[in-house]
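The values are calculated or read from the model by the stated rules, or taken from the named source; none is laboratory data. Values in this document were obtained by computation on a predicted structure and should not be read as measured data. Virtual Cβ from ideal backbone geometry, glycine too; neighbours counted across all protein chains shown. Each accessible area value is taken on the protein alone, full model and side chains, heavy atoms only, with ligands, DNA and RNA left out. Shrake-Rupley method; radii C 1.70, N 1.55, O 1.52, S 1.80 Å.
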Amino acid sequence: MRCFTVLGPSQTGKSTLVDKLGSLEGAAKKSVTPYGLGVAEFSFMGENWCALDASGSIEALAHTQDALLASDACILCVSPNPDEAVLAAPYLRVVEASGTPCIIFINKIDEPKGRIRDIIAALQDYCGHPLVMRQVPIREGDQIVGVIDLISERAWRYREGQTSTLVKIPEELIEREHEARAELLEHLSEFDDWLLEELIEDHEPANDAVFSISTRVLRENKVMPVMVGAASHNNGVMRLMKALRHEAPPVAALRKRLAAASGAKETALMAVGFHAYHRQNVGKTVLLRALDGGLKQGAQLGGSGLGALQEPGSGKAAGSGDQEPGQVFAAVKSDHLTAPSVLTADKAVATPDWTTAPTPMVERVLAPENERDETKLSGTLAKIAETDQGLTVTQEEGTGAQLVAVQGPVHLRDLIRTLSEVFKIAVSERPPSAAYRETITKKAEVHYRHRKQTGGAGQFADVKLSIHPNGRGDGFTFDETVKGGAVPRNFIPAVEAGAREALAKGPLGFQVIDAGVTLTDGQHHSVDSNEFAFRAAGRMGVHQALGEAAPVLMQPIYRIEFHIPSVFSGSLVPIVSSFKGQVLGFDRDDSARGWDVFRALIPGHALDELSHSLRSATQGIGWFSREFDHFEELYGKEADAIVRAHGNGAE
Ligand SMILES: Nc1nc2c(ncn2[C@@H]2O[C@H](COP(=O)(O)OP(=O)(O)O)[C@@H](O)[C@H]2O)c(=O)[nH]1
Ligand SMILES: [Mg+2]
């Protein structure tokens, strides 16, 4: 079985295209997973095919990437509008990172928005591979009515809803065709010495030879051919499918790629897990692609026996005979498997680096509506995270509540729905509270006496303490300058322990950082003094001293790394300033053409809104990763409001 992914921005006609490709020879078997991955199994000219229809939501990019893990080739479906080329940038990025051979399909050319060359040029800004036009359009007025294939030099006229008819190349296009073909040959000759010589000697290479060169060049992932069509009118669909049939590499090439990325022995690789999800009453389903024949129920895969295998398109049990290499299955009751995964019989080996999910930008605290569901919720989130790489689960500082990081609002909504519908846990969500701290700004000295008479034995401890601000990042320090055993040695650690307890919650209601405590003097009593008493004295003494040492609120500042197509770079400075951030600088992104990396420091409380602002300023494409950098003082009304809301002022 051969397998390809159709990916690209939303509304470019991917699902329509998969539909039409799948029904060239009768009906496909189709299904859609809860994460929105469409799977269509069909046959074409005597071969079995599986098309993966990836979601066009940028929040589902991790799933789209994973589909490439199972794909011999991919089709990047794009709009005919040059202004929308930037929307394809994230997809070009993952395709190039993955090394998957790719054909670009400019769809909807029944509604042309510009010249094909302009679209290609606009896409080329985001693509390191040369984009090579494989067809020139035949126009009548402002309508595209057919295409000329530049390799076979044959012309086709579109017929509504049917396969095109072969026609003569229109006179007036002959020159244009020659020009475009020369350009195609020039691109190909960069990767073929024979062709290069032919061109230098002014020979016209035979079509067969050009065809096999272009096949090899696509299989070796040197160029991206560009084809055009209108999926909903069935125009260009047969051409595209034939190109895939001739030019997409066999599954053995995928196996080789994966072996190179994981360092595993090629022949040991048996399958990839490229998608997983949970369904009510069924449990976990993992979509697998066999890299070899012989995958069947009970066979050893990834260290354990395989559960039942189904056809993913129809959900029917897969036949029990020997399976063909490259076949796609849905595995149920194989809980040891996950996705993305690259599997030998014994284990899961390393998945390629490019399968790492985009950093989730939005953080939310989830709480069960019913308190009894607390443990169930944490277990379930861990389970879901196994099938959803775009999700990370941690715990909120302070409260210990479940803190999820998700790709965006749609992802969050889907997660909450899955929790409720599949796992029967109703949850509410709220933004996490930023992790505030406080520190002191001046020295203070106190004398504190802890004395209690309770029945027989009393308690007595007397301490003199001084407290002072430490340098930023120096944390808590404790010293003593006690002379003559005024506080006996063995009680000094108790004073320190008490001081630490006091710092856990300062006068404003937050943890106190960067403060130093010195025990200078004190008194003890031979009968009534003990560790407990000195600990209490340390705690109460420091508590009192903090109040006199001018405490100030500290807010967390994060180092943010934005990833955005360069065209949007100009919009970032105003965004950073609007959140009182500080721009650190920006560079070209060496790993993706047409992208910039932009660094800034941003206060923690702004990160939630920052993700909205970034998405709306970059047509949904930009993302950022965060890393805690330091704490910074915050004064005035803003600080007062935070203390009222989250600190000691809170009700
Ligand atoms: N005019 C035109 N519309 C198309 C074409 N292909 C798809 N569409 C329409 O574009 C819309 C989005 O298509 P869909 O396949 O759902 O896009 P997806 O989001 O990429 O899967 C639908 O209304 C389709 O009918 C096409 O070639 N020409
Ligand atoms: Mg779709």
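Rounded to the nearest 5, what is the percent of antiparallel bridges among the DSSP beta bridges in segment 2-249?
Close to 55 percent.
Quick one: accessible area per residue over segment 344-387, 1.4 Å probe, rounded to a whole number of Å²?
For segment 344-387, the solvent-accessible area averages 52 Å² per residue.
Averaging sequence separations of C-alpha pairs under 8 Å and six or more residues apart, then dividing by the length of segment 553-646, give the relative contact order as a whole percent.
Rounded, it is 44 percent for segment 553-646.
Tally the DSSP beta bridges in the chain and give the antiparallel ones as a percent, rounded to 5.
80
For segment 565-614, which trypsin sites (Lys or Arg not before Pro) are both in a DSSP coil and crowded by at most 15 other Cβ atoms within 10 Å?
Lys580
Ordered by packing density, taken as the mean number of other Cβ atoms within 10 Å over each peptide's residues, highest first, how do 522-534, 197-209, 557-569 rank?
557-569, 522-534, 197-209
Round to a whole number: what % of the accessible area of the chain belongs to carbon and sulfur, probe 1.4 Å?
Exposed carbon and sulfur together represent 48 percent of the surface.
Can you spot the aspartates and glutamates whose alpha carbon is less than 13 Å from Lys483's alpha carbon? Ignore those fewer than 8 places along the same chain.
Asp521
Of Lys108/Lys256; Lys20/Lys383; Lys30/Lys424; Lys296/Lys376; Lys242/Lys316; Lys29/Lys376, which sit over 31 Å apart, Cα to Cα?
Lys108/Lys256; Lys20/Lys383; Lys296/Lys376; Lys29/Lys376
Nearest 500 deg cm²/dmol is fine: what mean residue ellipticity at 222 nm does the chain get from its DSSP H runs of n ≥ 4 alone, each adding -39,500 (n - 2.57), divided by its residue count?
Per the formula, -8500 deg cm²/dmol.
Can you work out the accessible area per residue across segment 85-130, with the rest of the protein chains kept in place, probe 1.4 Å, in square angstrom?
29
According to the square roots a ≥ b ≥ c of the eigenvalues of the Cα gyration tensor, what is the shape class of segment 362-430, taking rounded for a/c under 1.5, prolate for a/b larger than b/c otherwise, and oblate for the remainder?
rounded
Tell me, what is the percent relative contact order of segment 182-297, built from C-alpha pairs under 8 Å that lie six or more residues apart?
The normalised contact order for segment 182-297 reaches 14 percent.
Among 60-69, 156-165, what's the highest-first ranking by average C-beta atoms within 10 angstrom per residue?
Output ranking for 60-69, 156-165: 60-69, 156-165.
Pick out, from Phe631, Phe534, Ile642, the residue whose Cα sits farthest towards the positive end of the charge dipole of the chain, with +1 on the Cβ of Lys and Arg and -1 on the Cβ of Asp and Glu.
Looking along the dipole axis, the top candidate is Phe534.
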